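K.L.:
Mind having a look at this structure? Questions to follow.
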Amino acid sequence: MNSAISIRIIVIFVAIILSGLASPAGTTIAAAGTTGQTNQGNASPVAASRVEVPEPTPLALQYRRTGDWIWIFNQAWAILLPGTIAFLGFSARLRDLASRAARGRWALTIGLYVVIYSALVFVVDLPIAYYEGFIRQHAYGLSNQSLSKWLHNRLVGISVSTIVSVLLATLAYGLLAKSPRRWWLYLGLASVPLLAIGMLIQPIWIDPLLNTYGPMKNHELERSILDLAGRAGIEGSRVLEVDKSVDTTTINAYVTGVWNTKRIVLWDTLIAKLEPAQVLFVMGHEMGHYVLGHVIRTICLTPLVVIPALFFVDWWGRRLIARHGRGFGFDRLSDVASLPLLMMMIEIASLVLSPAALAYSRAQEHEADRFALELTHDNHAAATGFLKMQTENLGIPRPGIVFTLFRASHPSLGDRIDFCNDYHPWSDPPR
Ligand SMILES: [Zn+2]
């Protein structure tokens, strides 16, 4: 469910891309692999240990099919809910309320409007979020979460997103007021520093509100990982373990942060369920993101998606207001009452642009897989690790074209296993 609001003005596109690097809720599948043994280099008997891609279980198929309907519902809801609020003139009444309470002060009106709107959407979305995030996850055996932890996570989520939304909305409406013709360009360019700041503070200020991050408990494994990091050319890297077992039974790992908050985070579920050699492949993949500069590159490329999206929002928004302004109760985009209208258009734009962003993400994930294989030379560990991920996360090895286009931030597990089976140039005979 999409309860966050204006944070999405910028974050929505990037979230898709970064979901592979910093996946928030176990919804994405990062990288995993296993190793029969950790071989440091040459000629592993890869051909002999080819890993077959198994058929998905009936439970995994059911999880996917029901998940598809939920996804369609969520997309429609994320467009219909703000659209309804705008088109019925309800947003203008909310703005009057906020403006009266703020005694007409500009910034306070925007802040209050965003707080009221966020709270409203949060409450409306709560039953659906409860079903999707709690009931359903437990029904499929994917969750360990207590109801109080789930509620805690929701409340932290809405608090953080409201604060970020207030700041972003103030910036966006400030630009809309000062430069009604070029605001989309300036906001698009501002997405780079904004994201960089977000990525800088998220690991230290926001993530710890949800889970406990600490040093790895298995020191032997930690030593192997630091050893691997040394070979990958990463000095003094931070590897943290997070207690995701309080939330989920699924497995994952990710890189996050920029500059001095850069880190690789391993879910404790992953450490518990994978063999050490498989964990090392996963780490190799995450180190690949790190060494290949994926986080920074993604942040720098963000304006390429955000600027066209905001340009479209500006263009279409003017036309909608010209035609329906009377019903909306506002006559320009710089009125904060336009927020739900902006949200609706941003959802549509992000749906249209998501195939491009996701294709970029998949290419980046593939690069990280290749990096990990070249680092570990452990094809068997890699392939069996993905296999384990398929079972533990109720994955579908070959999800089909529509899913791939609109939802897959990573190559399919089937493709990743195939690649791990076939990619071993170091052991191929020289031509
Ligand atoms: Zn990755």
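K.L.:
With every protein chain left in place and a probe of 1.4 Å, what is the accessible surface of VAL246, to the nearest 10 Å²?
P.N.:
Counting only protein heavy atoms, the figure is 60 Å².
K.L.:
Just subtract the alpha-carbon distance of ALA363 and ARG65 from 0.36 nm times their residue separation and send over the number in nm, one decimal.
P.N.:
So the chain would gain 104.7 nm between ALA363 and ARG65.
K.L.:
May I ask you to evaluate 6.51 cos²θ - 1.76 cosθ + 1.60, the Karplus curve with θ = phi - 60°, for each residue of segment 381-396 and list the ³J(HN,Hα) values in order in whole Hz, giving x for glycine and proline?
P.N.:
Once rounded to whole Hz, the list reads 4, 4, 5, 5, x, 4, 4, 4, 5, 4, 5, 5, 9, 6, x, 10.
K.L.:
Return, ordered by residue number, the residues of segment 374-413 whose backbone nitrogen is under 12 Å from a label point located 7 Å along Cα→Cβ of ARG297.
P.N.:
Nothing falls inside the zone, counting backbone N under 12 Å.
K.L.:
Compute the longest continuous run of the chain that contains no exposed GluC sites (Glu not before Pro); treat a site as exposed when its DSSP state is not H, G, I, E or B and it has at most 12 other Cβ atoms within 10 Å.
P.N.:
236-431
K.L.:
I'd like the accessible area for ILE271, computed on protein heavy atoms only with a 1.4 Å probe and all protein chains in place. Round to 10 Å², please.
P.N.:
So the heavy atoms of ILE271 present about 30 Å² to solvent.
K.L.:
Sort HIS138, HIS410, HIS219 from largest to smallest accessible area, using a 1.4 Å probe on the heavy atoms of the protein chains.
P.N.:
Putting HIS138, HIS410, HIS219 in descending order of accessible area: HIS219, HIS138, HIS410.
K.L.:
Heavy atoms only, probe 1.4 Å: what % of the accessible area of segment 202-244 goes to carbon and sulfur, would you let me know?
P.N.:
Reported share for carbon and sulfur atoms: 53 percent.
K.L.:
Just by accessible area at a 1.4 angstrom probe, what is the order of ARG95, ARG323 from largest to smallest?
P.N.:
Putting ARG95, ARG323 in descending order of accessible area: ARG323, ARG95.
K.L.:
How much length, in nm to one decimal, is gained on full extension between LEU351 and ALA322, taken as 0.36 nm per residue of separation minus their Cα-Cα distance?
P.N.:
Taking 0.36 nm per residue and subtracting the Cα distance, the gain is 8.0 nm.
K.L.:
As a test question: what accessible area, to the nearest 10 Å², does LYS217 have when a 1.4 Å probe is rolled over all protein chains in place?
P.N.:
Counting only protein heavy atoms, the figure is 150 Å².
K.L.:
Related question: To the nearest 20 debye, what charge dipole does the chain have about its Cα centre, counting +1 at the Cβ of each Lys and Arg and -1 at the Cβ of each Asp and Glu?
P.N.:
Charge dipole of the chain: 1940 debye, to the nearest 20.
K.L.:
So what is the relative contact order of the chain, in percent, for Cα pairs below 8 Å that sit 6 or more residues apart?
P.N.:
33
K.L.:
Between segment 358-431 and segment 186-243, what's the alpha-carbon centroid distance in Å?
P.N.:
Cα centroid to Cα centroid, the span is 23 Å.
K.L.:
Residue by residue through segment 223-232, what is 3J(HN,Hα) from phi via Karplus (6.51 cos²θ - 1.76 cosθ + 1.60, θ = phi - 60°)? Round to whole Hz and write x for glycine and proline.
P.N.:
Residue by residue, segment 223-232 yields 4, 4, 5, 5, 4, 4, 4, x, 5, 7 Hz.
K.L.:
At a 1.4 Å probe radius, which order do HIS377, HIS366, HIS294 fall into by accessible area, largest first?
P.N.:
Result, largest first: HIS366, HIS377, HIS294.
K.L.:
Ok, one more. Among the lysines, which have Cα under 29 Å from the Cα of LYS273 when same-chain residues fewer than 8 positions away are ignored?
P.N.:
Leaving aside lysines fewer than 8 places away in the same chain, those within reach of LYS273 are LYS149, LYS217, LYS244, LYS262, LYS388.
K.L.:
OK, next. Show that you can apply the helix-only estimate: for the chain, add -39,500 (n - 2.57) for every DSSP H stretch of four or more residues, divide by all residues, and state [θ] at 222 nm to the nearest 500.
P.N.:
-21500 deg cm²/dmol
K.L.:
Can you check what the net charge comes to around HIS377, using other residues whose Cβ is under 13 Å from the Cβ of HIS377 (Lys, Arg +1; Asp, Glu -1)?
P.N.:
-1
K.L.:
Then there's this: So what's the Cα pair-distance distribution over the chain, bin width 20 Å, in %?
P.N.:
Result, from short to long distances: 25, 54, 19, 2 percent.
The values are calculated or read from the model by the stated rules, or taken from the named source; none is laboratory data. What you see is a predicted model; the values in this text were computed from it and never measured. Reconstructed Cβ throughout: ideal geometry from the backbone, glycine too, with neighbour counts over all protein chains shown. The area values use the complete protein model at the heavy-atom level, side chains included, leaving out ligands, DNA and RNA. Shrake-Rupley method; radii C 1.70, N 1.55, O 1.52, S 1.80 Å.
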